[in-house]
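Every number in this text was worked out from the coordinates using simple rules, so none of it is lab data. In this text the structure is predicted, and so the values were computed from the model without any measurement. Note that each Cβ is placed from the backbone with ideal geometry, even for glycine, and that neighbours are counted across all protein chains shown.
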Amino acid sequence: MKLHKIRTGNREDLEDKKYTLSIGVSLGNKWFTIENIIDLIRWSLPRTKYDLVVYVGDSIHAINLVG
């Protein structure tokens, strides 16, 4: 998994588990296969402060989730 952008934070704080992470999953996006979602969750779990939040939306709601 490759990190492309951190919003309102930095890589050091991410690796030090200072954030509670959330993932937006769009059902209308072909990239979100079961394998990619599992990889994304496996990458995120060791980096989150407390819990990992996974938002699931349809293709219309994707703009609100992914930003």
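Structure values in brief
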| quantity | calculated |
| --- | --- |
| Positive dipole terminus of the chain, leading residue within Asn36, Thr48, Gly9 (C-beta point charges) | Gly9 |
| Residue among Lys30, Lys17, Lys49 with the largest mean-square fluctuation in a Gaussian network model of the chain, springs linking Cα atoms under 10 Å | Lys30 |
| Modelled FRET efficiency - R0 25 Å, Ile38 with Thr8, Cβ distances, 0.05 increments | 0.40 |
| Which of Tyr19, Tyr50 has the fewest Cβ neighbours within 10 Å, and the rest in rising order | Tyr50, Tyr19 |
| Helix 34-44 vs. the chain, principal-axis angle (Cα, 0 to 90°, nearest 10) | 20 |
